[in-house]
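The values are calculated or read from the model by the stated rules, or taken from the named source; none is laboratory data. A quick note: this is a predicted structure, and the numbers were derived from the prediction, not measured. Cβ sites come from the backbone with ideal geometry, for glycine too, and all protein chains shown count toward neighbours.
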Amino acid sequence: QVTFVESGGGLVQPGGSLRLSCTASGMALSRFSLGWYRQAPGKERELVAGINNADIIIYEDSVKGRFTISRDNAKNKMYLQMNSLKPEDTAVYFCNTNPGTRRFWGQGTQVTVSS
């Protein structure tokens, strides 16, 4: 059984930083294209960053230059470093394969950017 667990969210002031972690069990992340997604209240879930198994990376336009996706295959983890956070980054953040696999969606981790 594959499980993705996200952690590292929290409340941060505008301009602050957070580092999200994604831990996977039941699968070797190195074999898959992966993504970080977010869903804000009343909005569709969207892909914010993706990394494939050749380490080719893509970012959603609004996070380019502020977010950095990375993976540690030895630890079977993926990360999202988020800098210069803005109130519009407030959302629940999820990790999954890219494209997302329906049965792998976890609970996500809440990120709230507010003063």
Practice item. Please find, among 73, 83, the residue that is modelled with pLDDT of 95 or more and among the polar types (S, T, N, Q). Key: 83
Practice item. For residue 11, state whether it is within 11 Å of residue 95 (Cα to Cα) and either in contact (Cβ under 8 Å) with a residue 12 or more places away in the chain or surrounded by fewer than 17 Cβ atoms within 10 Å (Cβ to Cβ) (or both). Key: no
Practice item. State whether one or more residues within the stretch 15-26 are among the charged types (D, E, K, R), surrounded by 15 or more Cβ atoms within 10 Å (Cβ to Cβ) and under 23 Å from residue 86 (Cα atoms). Key: no
Practice item. State yes or no: is residue 101 more than 10 Å from residue 36 (Cβ to Cβ) and surrounded by 15 or more Cβ atoms within 10 Å (Cβ to Cβ)? Key: no
Point to revise | Failed criterion for residue 106 (all others in (1) out of contact with any strand residue (DSSP E or B) (no Cβ under 6 Å at 6 or more places or on another chain); (2) part of a loop (DSSP other than H, G, I, E, B) hold) | key: (1)
Review point. Which of the residues that make up the stretch 62-88 are without any contact (Cβ under 8 Å) to a residue 40 or more places away in the chain and either crowded, with 17+ Cβ neighbours inside 10 Å or among the hydroxyl-bearing types (Ser, Thr, Tyr) (or both)?
Key: 62, 63, 67, 68, 69, 70
Practice item. Mind listing whichever residues of the stretch 51-61 are surrounded by 13 or more Cβ atoms within 10 Å (Cβ to Cβ) and either touching an Asp or Glu at 6+ places or on another chain (Cβ under 9 Å) or farther than 20 Å from residue 83 by Cβ (or both)? Key: 52, 53, 60
